[in-house]
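Asks: Before we start, here is the structure in question, set down as structure tokens.
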Amino acid sequence: MDDMYREIILDHAKNPRHSGILEPADIEFEEHNPLCGDRLHLTMRVDENDRIIDVAWDGDGCAISQAAASMLADEIIGKTLEEVRQIDKDHVLDMIGIPLSINRIKCALLSLKVLKIGAYGLAEWRKAEDEDEDI
């Protein structure tokens, strides 16, 4: 079973899905992992219901971080920001499907960190915008 997951990881790392940068984007965030140098820049478009309608990412790093970003991008299209907030580290690690060392876990979770910060950031901005309209 591990061999199948390794092939999936390599496929996503060599042939990343949703690679690039969306311009314009409703959500944009970039982060890096200083321990290993992995970097991920995530851009997303959402509709008026906060549903993700498009996603693209760009980054550098190991096969695990790049594959996780590709797999997570596939996973979130069509989900609302609220649904994205429910995705946790166990979900991402299950997608990867193989045991990882502590250092590799940080690589695998970089895309989740970037996604969550972006998802919460837009929601907070919209909430503040709505509160301003009520004044």
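Asks: I76 - would you say it is closer than 16 Å to L22 by Cα, in contact with an Asp or Glu (Cβ under 7 Å, 6 or more places away or on another chain) and at pLDDT 90 or above? First the steps, then the outcome.
Replies: Working: closer than 16 Å to L22 by Cα: yes; in contact with an Asp or Glu (Cβ under 7 Å, 6 or more places away or on another chain): no; at pLDDT 90 or above: yes.
No; evaluated as a whole, the condition is false for this residue.
Asks: For residues that are among the aliphatic types (A, V, I, L, M) and touching a strand residue (DSSP E or B) at 6+ places or on another chain (Cβ under 6 Å), scanning just the range 78-114, find the one that is farthest from A56 (Cα to Cα).
Replies: The initial filter retains those residues of the range 78-114 that are among the aliphatic types (A, V, I, L, M), namely 81, 84, 87, 92-93, 95-96, 98, 100, 102, 105, 108-110, 112, 114.
Narrowing further to those that are touching a strand residue (DSSP E or B) at 6+ places or on another chain (Cβ under 6 Å): 110, 114.
Values: L110: 15, V114: 12 Å.
The extreme case among them is L110.
Asks: Looking only at the range 51-71, how many residues end up being surrounded by fewer than 18 Cβ atoms within 10 Å (Cβ to Cβ), in contact with a strand residue (DSSP E or B) (Cβ under 9 Å, 6 or more places away or on another chain) and modelled with pLDDT under 95?
Replies: The qualifying residues number 1.
Asks: Related question: Please determine whether any residue of the range 52-72 is more than 14 Å from S111 (Cα to Cα) and either touching a residue at least 40 places away in the same chain (Cβ under 8 Å) or assigned to a loop (DSSP other than H, G, I, E, B) (or both). Working first, answer last.
Replies: The initial filter retains those residues of the range 52-72 that are more than 14 Å from S111 (Cα to Cα), namely 52-54.
Narrowing further to those that are either touching a residue at least 40 places away in the same chain (Cβ under 8 Å) or assigned to a loop (DSSP other than H, G, I, E, B) (or both): none.
Within the range 52-72, not a single residue is more than 14 Å from S111 (Cα to Cα) and either touching a residue at least 40 places away in the same chain (Cβ under 8 Å) or assigned to a loop (DSSP other than H, G, I, E, B) (or both).
Asks: Select from the range 23-45 the residues that are under 14 Å from the mean Cα position of the chain (by Cα) and of a type in the set (A, V, I, L, M) and write down the one among them that is surrounded by the most Cβ atoms within 10 Å (Cβ to Cβ).
Replies: Checking each candidate, the answer is L42.
Asks: Do we have P16 as in a loop (DSSP other than H, G, I, E, B), surrounded by 17 or more Cβ atoms within 10 Å (Cβ to Cβ) and modelled with pLDDT under 95 here?
Replies: Working: in a loop (DSSP other than H, G, I, E, B): yes; surrounded by 17 or more Cβ atoms within 10 Å (Cβ to Cβ): yes; modelled with pLDDT under 95: yes.
Yes; evaluated as a whole, the condition is true for this residue.
The values are calculated or read from the model by the stated rules, or taken from the named source; none is laboratory data. Computed from a prediction, not measured in an experiment: that's the story for all the values here. Please note: Cβ atoms are built from the backbone with ideal geometry, for glycine as well, and neighbour counts cover all protein chains shown.
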